[in-house]
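Asks: Pasting a structure below so you can have a look.
The values are calculated or read from the model by the stated rules, or taken from the named source; none is laboratory data. As the structure is a computational prediction, the values presented were derived from the model and not from experiment. Here Cβ is always computed from backbone atoms with ideal geometry, including for glycine, and neighbour counts include all displayed protein chains.
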Amino acid sequence: MSDPLETVRKSYRAYETRDRDLIESVIAEDGFVFSAPPDVGIDRETYFERCWPNATLDTVEFVRLCEIGQDEVLATYEATRQDGTKFRNTEIFGIDGDQIKSVEVYFGWDL
């Protein structure tokens, strides 16, 4: 049985550990859509070209992590970058089984 919250936790763990295999295991191979300024509506391949190389998070602490219905997860988190600076963002994940089908990133602010 799939656990949408655990799927999302794994995606953040991949960023913290820079584990490409882990992030690839939770992002859907077909139909994945990622949106964040300035990259709105990019596919999986483009996500790995543009976004994954910027995986520079040391820690992520959830402010809120909750399911919205059966196929979405809302995550607000505070993260520490490798350089020690911190920020807060909110993201909405579309989930299908144990796969992330979509991510909408809403940039917050530096802490």
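Asks: Only residues that are at pLDDT 95 or above and of a type in the set (Lys, Arg): list them for the stretch 58-111, please.
Replies: Listed by number, the residues that qualify are ARG64, LYS86, ARG88, LYS101.
Asks: Over 12 Å from the mean Cα position of the chain (by Cα) and modelled with pLDDT under 95: which single residue out of PRO37, PRO4 fits that description? Give the derivation first.
Replies: Values: PRO4 fails: modelled with pLDDT under 95.
None of the other options fit; the residue is PRO37.
Asks: What are the pairs, 6+ residues apart or on separate chains, where a residue within the stretch 38-59 that is closer than 13 Å to GLN82 by Cβ has its Cβ under 6 Å from a residue that is surrounded by 12 or more Cβ atoms within 10 Å (Cβ to Cβ) and at pLDDT 90 or above?
Replies: What qualifies is ALA55/TYR15; ALA55/ARG18; THR56/ARG81; LEU57/TYR15; LEU57/GLU16; LEU57/ALA79; ASP58/THR80; THR59/THR80.
Asks: Continuing with the same structure: For the stretch 7-19, which residues satisfy the criterion of being in a loop (DSSP other than H, G, I, E, B) and either farther than 14 Å from ALA79 by Cβ or in contact with a strand residue (DSSP E or B) (Cβ under 8 Å, 6 or more places away or on another chain) (or both)? So that I can check it myself, show each step before the final result.
Replies: If we filter the stretch 7-19 for residues that are in a loop (DSSP other than H, G, I, E, B), which is where we start, we get 18-19.
Across the stretch 7-19, the qualifying residue is only ASP19.
Asks: How many residues, within the stretch 41-57, are under 13 Å from VAL103 (Cβ atoms), exposed (fewer than 13 other Cβ atoms within 10 Å of the Cβ) and at pLDDT below 95?
Replies: 0
Asks: Which one is surrounded by the most Cβ atoms within 10 Å (Cβ to Cβ) among residues in the stretch 67-84 that are within 12 Å of the chain's Cα centre (by Cα) and of a type in the set (Ser, Thr, Tyr)?
Replies: Ranking the candidates gives TYR77 first.
Asks: Right, next: So if I check each of PHE87, PHE62, PHE107, PHE93, which one is in contact with a Pro (Cβ under 8 Å, 6 or more places away or on another chain) and surrounded by fewer than 16 Cβ atoms within 10 Å (Cβ to Cβ)?
Replies: Numbers: PHE87 fails: in contact with a Pro (Cβ under 8 Å, 6 or more places away or on another chain); PHE62 fails: in contact with a Pro (Cβ under 8 Å, 6 or more places away or on another chain); PHE93 fails: surrounded by fewer than 16 Cβ atoms within 10 Å (Cβ to Cβ).
After applying the criteria, what remains is PHE107.
Asks: Also, I was wondering about something else. I'd like the full set of residues that are surrounded by 13 or more Cβ atoms within 10 Å (Cβ to Cβ) and more than 20 Å from THR56 (Cα to Cα), limited to the stretch 8-34.
Replies: ALA28, PHE32, VAL33 - these are the residues of the stretch 8-34 that are surrounded by 13 or more Cβ atoms within 10 Å (Cβ to Cβ) and more than 20 Å from THR56 (Cα to Cα).
Asks: Oh, and also: Among what's in the stretch 20-36 and is in a strand (DSSP E or B) and β-branched (Val, Ile, Thr), pick the residue that is farthest from PRO4 (Cα to Cα). Please lay out each step first, then the result.
Replies: Of the residues in the stretch 20-36, the ones in a strand (DSSP E or B) are 27, 33-36.
If we keep only those that are β-branched (Val, Ile, Thr) too, we end up with 27, 33.
Working: ILE27: 12, VAL33: 17 Å.
Looking at residues that are in a strand (DSSP E or B) and β-branched (Val, Ile, Thr), I get VAL33.
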